[in-house]
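Heads up: the structure comes next, in structure tokens.
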Amino acid sequence: MTGIVERARAALGREALGLIVLMVGMVAVFTAANPQFLSVSSFSSMGYQAPLLGLLTIAMLAPMISGGINLAIIFTANISGLAFAWVMLKAGGPEAGALAIVAGAALALIVGALAGAIMGAIIAYVGAHPILVSLGMMIFLRGLGEFLTKGGDISGFPEAVGALGHGDILGLPTPLLLFIAVALAWQILLRRTRHGFAVYMVGSNIRAAEYAGLPTKRTLVMIYALSGLVCAIAGILMLARFNSVRVGHGEALLLVTVLAIFLGGIDPFGGHGKVFPVILSIFILQMLSSGLNLIGANQHLSTAVWGMFLIAVMILRSDRLASLYHLFRKG
Amino acid sequence: MHRLIRMGQIEFRLLIALAAICVALSLATDTFLTLGNLTSLLNNNSVNLIWAVGLLVVLIAGGIDISFAVMSSVVQYVAAVWLLKMGGGNWFFGFVLCGLIGAGLGLVNAALIHGFRIISIVVTIATFNVFFGLLMFFTKGRSIYNLPDWWADRVILFEHQSADGNWSELTLPVAVMAACVFATWFLIRRTNLGRQLYAFGDNPEGARRAGVNLAVMQALAFGWCGFMAGMAALMQVNIVREVVPNALYGRELDVLAAVVLGGARLGGGKGTVLGCVLGVMFVAVTQNGLNLLGVSPFAFKMIIGAAILVAISTSNISLGQGRAGHREAAQ
Amino acid sequence: MTETGPSRYALRMKGIDIRFGGVQALSSVDFDVRAGEVHCLAGENGSGKSTLIKIVTGVYRPDNAALIELFENPVEAISPVQARARGVAVIWQDLALFPNMSVAENIAFDGLVGLRPRGVRYGDMKLRARAALERLGVTLDLDQPLENLAIAQRQIVAIARALIQDARLIFMDEPTASLTQSETDHLLNIVRKLSSDGVAVVFVSHRLAEVLEIAERVTVLRDGKLVGVYPTEGMTQARLGELMTGHILEYKVTARDMSAAPILFEARGLSVPGQFEGVDLTIRAGEVVGLVGLIGAGRTELAHAMMGMTGTAAGSMQLDGRPYRPRNIREAIAQGLAYVSEDRLQLGLLQKQSIEDNAAISVLDRLLGGLGLISPAKKTDLIMGWVSKLGIKIGLPADAISTLSGGNQQKVVLAKWLATEPKLLILDSPTVGVDVGARAGIFRIVRDLAERGLAILLISDEESEAIYNSDRVLHMARGRIAGAFDPRTTSPVDLEAAIHA
């Protein structure tokens, strides 16, 4: 029995195990409060809702492991969505064909990766702080988007696009499948490729990584370019889910992605962190939100609870807790 | 000249850039260099400046605060409800109440950061969600319009009618802003507490060994930031004459960008009130100038963002890699 | 030597015991420092030196203490504030200064500490700072931010800061670790000056030569126990080394005549403006070339140029008879060079990362399995192979590298570079922070590698280390190769004389 626990811990990491326990507890509590929670329909609706946050969180993940941050994720997603929408409109809106969809997606991915690559290049070659660079890029992209759309919505897409947001394959929500595919790719990218290895090393000590012969500058450009690429995927999904593009869509998710990442046990100073616990924490946040919704609370309460959750988890992980406890016992 | 060189590279360069923009705008438009425009620039940016100096103190102490704008929303709502219950209150009560609530919320951040040794970006992202979520949950997003007269009435400190009949005026928020800026300058430059804040941000371990009380430093930094959020809350209501719970949501990152542009360093130990004011005014004047030049308002932010990116890329503000405290323990 | 006479003590401690968890860090240690004396506290890493300092300054409280007296007044338990008030100051190795604050403010900072709000009088602060610097016979721009100062000047700022608090007992933790020889000499002069003013100075140092030069007495600790207190007169480096490690270290010249071996690396007229110029260097396969000189003579800079980290302005390099001109460190590695940095903590290893990742970082290309992905099995095999080959003591390959001792960490660094199968290995001060006992192990490995044909450039600060471990020793001074020595006909003392000439 302990062998299983040990092996699970080794395979998943300490964070993941704690989060799984948390998740099971939460399912139990919500099910007790409303049996509706443990139903196919409620899980299916989570499967449609969670992937957007999930993709954006993955976009945030590698920059944070590398000791940086990408505050421009939402607007990179918006701008990429805009690029996609522009191709759709050129190709006749709802009548656009498969070729146009592919072309639009390609353009969106290029735009997203480009926005990221520019940030990465400034961070790598100028040595400016990622918070500052991505903040500048965020403000720029938001402005660019508002300028292009004049603050309005763009809608009218072919049905196939809607299917990405609302359809299912073999009964599983398409967005969920998309998310699982990207998450798997990122798990492999970060844990098994040379680039992924370099991400962790850069986050741990960039100069030592350079001395060991890792291409640190190229790694930084790649990190942000790939982050932009995932943003573009998220942007297309967002467009498919809302059936429209508006600059500012999903803005509230920016800090939630950071929250999910910290919840997933990523080292705030960079250098450490795994994909799996972060994915778990995304589903925990989603369950919390859906569960609270089911028992009649609104989205805002779940926002607050998310924040409290993060604080609670950080307190539980804190070494200080033990010492405070001892202090209390002694006193 | 000697003083100018001592002023610091970033401040000096920013001053030159700001002066150049002002000269250019005075030549390009006949509306920029008018009393009316300059006073409205001050009136419109007083809230941003109050936030900025509060945030500056946190940055100097080596922290970061994402929650201050949302904190202001909480302060103004709670204060409004309270004052209405009291039967209206007056300016004195307004200042005391807003200052206390703001400082109290800041101290919540400080307690979590110091008590459990959680880094400030994690804590303030969490409290950002908690504050905003709870505010929206309890208020159900309803605004307050029936404010006490003293609060909603404009207090004009200076007015002048020019020959062509245009009114220019300075209002109370400008005076409060000036007081906040001066108080912050006095704190960080002229008191031993402020110097300990710098030392703490510059080298926390060195400060600890010198006997600086770190708990008090965190409390002072975040409490000050919270107090300023309280002042900003009070003044913002005075300007817009209503309390809208989500009106200030999302303003934090713009203020952060301006303060960092002014030379405050993420990671602590660096930053001046002058630089901070220049940073905010640089953004404000650019925006104002674009407006006067008849540039589409949708293009403002794009240009501001691009300006920040260019400034970062060319100024070689070597902020170093990694965030606050990102030094491998030199054992 | 001292005006106050030898009978007055700045510090007396008897029977000090302290335990951390299961480790007896100090057991019944006696330690005393006379007023105005320069005293050295010597011992290997982990011998209890820092623990002792931390007890004197009140950071730790001893479990048992028969006697603690400061300036002949008994003290029960010392707190950091009390220690400072009674005139005890520590200058930590990292100096604990504030880089962005001005020199004056750094010196006078302790006057600002405290929670009672009060104004800052910059003029007054500058006056006091200037007075403290005058006592040391130094002038510095007081308005400058500290970060603009060289390390040696920062050290002086730290000493001035101690003086301003009227310190009469100053501990200096590895004060010369990052100083050049002339800076060290300057510092030692300042220490003498302090001593003649009646300020007692306790040196904690690894560098045995300077310890013997400056101190009057040396207290040696080993494994938390007092070995003894010795006058420095008549003490030799070798004897002190023995006392510290507890075993007699054998030094013998291992140099061989390698002039028949094929030339592996050759540099002609290599120059980097401001760093070194006109450097000619030949290293043969299987040869160990020692490179000695003062810090700042251009040795590390030469290594950086060889690794492609800085571009050279003039001259040429050849590797295996072919032109060699690396544009970056990756090209240098690909062509068969490896560089063990002098700064293991910050540059040589990634302290937060695991042992196996640190070993694998430079050879990821060779650890790929199917689909071009890194194979965890190959990664573990790599480190385990080196663990047995080099005799590295580790827990699990996935443990953080920071859990290892200095000597074992350095062996992992060697493993990392040897995995790249280099032809030329540059070792830049490879024994910094490695215990005297563990150094022998590292040089045994170096010798083995040379026997198997690896060319080695050994940059060293210690003449004896270079003499006993190289086949040929070059002396670099002011950016030029100033001389060559044959270890079989040169003693460390001769070499030392040549370097300091």
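Which of the residues spanning the stretch A:110-166 are of a type in the set (F, W, Y) and within 14 Å of chain B (Cβ to nearest Cβ)?
Of everything in the stretch A:110-166, those that are of a type in the set (F, W, Y) and within 14 Å of chain B (Cβ to nearest Cβ) turn out to be A:Y125, A:F140, A:F147.
Please note which helices (runs of 4 or more DSSP H) are completely contained in the stretch B:240-331 and include at least 2 residues that are modelled with pLDDT of 90 or more and more than 9 Å from every other protein chain (Cβ to nearest Cβ).
Of the helices (runs of 4 or more DSSP H) lying wholly inside the stretch B:240-331, those with at least 2 residues that are modelled with pLDDT of 90 or more and more than 9 Å from every other protein chain (Cβ to nearest Cβ) span B:252-261, B:273-292.
If you check C:G123 against the conditions, is it over 28 Å from the mean Cα position of the chain (by Cα) and modelled with pLDDT of 90 or more?
yes
I need the full set of residues from the stretch C:68-118 which are over 31 Å from the mean Cα position of the chain (by Cα), part of a loop (DSSP other than H, G, I, E, B) and within 13 Å of chain B (Cβ to nearest Cβ), in order please.
Result: C:L112, C:V113, C:G114, C:L115, C:R116, C:P117, C:R118.
C:S47: surrounded by 14 or more Cβ atoms within 10 Å (Cβ to Cβ), in contact with a strand residue (DSSP E or B) (Cβ under 6 Å, 6 or more places away or on another chain) and assigned to a loop (DSSP other than H, G, I, E, B), yes or no?
yes
Taking the stretch C:119-129 as the search range and keeping residues that are closer than 17 Å to C:I164 by Cα and without any contact (Cβ under 8 Å) to a residue 24 or more places away in the chain, which one is nearest to the other protein chains (Cβ to nearest Cβ)?
Checked the stretch C:119-129; the qualifying residue nearest to the other protein chains (Cβ to nearest Cβ) is C:V120.
Tell me, please, whether a residue that is under 27 Å from C:D257 (Cα atoms), assigned to a loop (DSSP other than H, G, I, E, B), among the acidic types (D, E) and within 20 Å of the chain's Cα centre (by Cα) can be found in the stretch C:440-462.
Yes.
Filter the stretch B:114-144 down to the residues that are more than 8 Å from every other protein chain (Cβ to nearest Cβ), over 19 Å from B:G250 (Cβ atoms) and surrounded by 22 or more Cβ atoms within 10 Å (Cβ to Cβ) and list them by number.
B:S120
Of the residues C:G224, C:G269, C:G228, only one is exposed (fewer than 14 other Cβ atoms within 10 Å of the Cβ), not assigned by TED's automatic domain parsing to the domain that holds C:R299 and not basic (K, R); which?
Selected residue: C:G228, the only one of C:G224, C:G269, C:G228 that is exposed (fewer than 14 other Cβ atoms within 10 Å of the Cβ), not assigned by TED's automatic domain parsing to the domain that holds C:R299 and not basic (K, R).
Here is a check on your reading of the model: is A:G265 in contact (Cβ under 8 Å) with a residue 60 or more places away in the chain and on the phi > 0 side of the Ramachandran plot?
Yes, satisfied.
Got a sec? Which of C:I78, C:I53, C:I68 is touching a Pro at 6+ places or on another chain (Cβ under 8 Å), crowded, with 17+ Cβ neighbours inside 10 Å, under 30 Å from C:V220 (Cβ atoms) and assigned by TED's automatic domain parsing to the domain that holds C:V220?
After ruling out the rest, the residue left standing is C:I68.
Restricting to the stretch B:253-269, name every residue that is on the phi < 0 side of the Ramachandran plot, surrounded by fewer than 24 Cβ atoms within 10 Å (Cβ to Cβ) and of a type outside the set (A, V, I, L, M).
Selection gives B:D254, B:R265.
Any idea how many residues of the stretch B:8-34 are surrounded by fewer than 16 Cβ atoms within 10 Å (Cβ to Cβ), farther than 24 Å from B:V260 by Cβ and of a type in the set (A, V, I, L, M, F, W, C)?
5
Identify, from the list C:I426, C:I459, C:I383, the residue that is assigned by TED's automatic domain parsing to the domain that holds C:G290 and more than 18 Å from C:L349 (Cα to Cα).
Just one listed residue meets the conditions, C:I459.
Out of curiosity, is B:L147 surrounded by 22 or more Cβ atoms within 10 Å (Cβ to Cβ) and touching a residue at least 12 places away in the same chain (Cβ under 8 Å)?
No, not satisfied.
So is A:F140 buried (at least 23 other Cβ atoms within 10 Å of the Cβ) and modelled with pLDDT under 95 or not?
It is true that A:F140 is buried (at least 23 other Cβ atoms within 10 Å of the Cβ) and modelled with pLDDT under 95.
Tell me which residues, restricted to the stretch B:201-227, are buried (at least 23 other Cβ atoms within 10 Å of the Cβ) and at the interface with chain C (Cβ under 9 Å from one of its Cβ atoms).
Matches in the stretch B:201-227: B:G201, B:D202, B:N203, B:A207, B:V212.
Filtering the stretch A:306-318 down to residues that are among the hydrophobic types (A, V, I, L, M, F, W, C) and within 7 Å of another protein chain (Cβ to nearest Cβ), which residue is surrounded by the most Cβ atoms within 10 Å (Cβ to Cβ)?
Step by step, filter the stretch A:306-318, then rank; the result is A:L310.
Give me a count of the residues in the stretch C:268-318 that are in contact (Cβ under 8 Å) with a residue 40 or more places away in the chain and assigned to a loop (DSSP other than H, G, I, E, B).
14
Collect the residues in the stretch A:274-300 that are within 14 Å of chain B (Cβ to nearest Cβ), in a helix (DSSP H, G or I) and at pLDDT below 90, keeping them in residue-number order.
Hits for the stretch A:274-300 are A:L288, A:S289, A:L292, A:N293, A:Q299, A:H300.
Which condition from (1) more than 27 Å from A:V87 (Cβ to Cβ); (2) surrounded by fewer than 18 Cβ atoms within 10 Å (Cβ to Cβ); (3) small (G, A, S) is the one that A:G213 breaks?
(2)
Take the residues in the stretch C:324-369 that are crowded, with 23+ Cβ neighbours inside 10 Å and of a type in the set (S, T, Y); name whichever of them is nearest to the other protein chains (Cβ to nearest Cβ).
Step by step, filter the stretch C:324-369, then rank; the result is C:S341.
Can you pull out every residue in the stretch B:175-193 that is in a helix (DSSP H, G or I), without any contact (Cβ under 8 Å) to a residue 60 or more places away in the chain and within 8 Å of chain C (Cβ to nearest Cβ)?
Correct list: B:R190, B:N192, B:L193.
Take the residues in the stretch A:245-261 that are part of a helix (DSSP H, G or I) and more than 14 Å from A:M138 (Cβ to Cβ); name whichever of them is nearest to the other protein chains (Cβ to nearest Cβ).
A:L259
Looking at the structure I just gave you, is C:I467 under 22 Å from the mean Cα position of the chain (by Cα), within 21 Å of C:L208 (Cα to Cα) and either not assigned by TED's automatic domain parsing to the domain that holds C:V292 or not small (G, A, S) (or both)?
The answer is yes for C:I467.
Determine, yes or no, whether C:A42 is closer than 30 Å to B:A264 by Cβ and outside the structural domain of C:R128 (by TED's automatic domain parsing).
Answer is no for this residue.
Of the residues C:G15, C:G43, C:G87, C:G36, which single one is touching a residue at least 24 places away in the same chain (Cβ under 8 Å) and within 30 Å of B:A199 (Cα to Cα)?
C:G87
Does the stretch C:181-191 contain at least one residue that is of a type outside the set (D, E, K, R), surrounded by fewer than 23 Cβ atoms within 10 Å (Cβ to Cβ) and under 21 Å from C:D32 (Cβ atoms)?
yes
The values are calculated or read from the model by the stated rules, or taken from the named source; none is laboratory data. As the structure is a computational prediction, the values presented were derived from the model and not from experiment. Cβ coordinates were reconstructed from backbone atoms using ideal geometry, including for glycine residues, and neighbour counts include every protein chain displayed.
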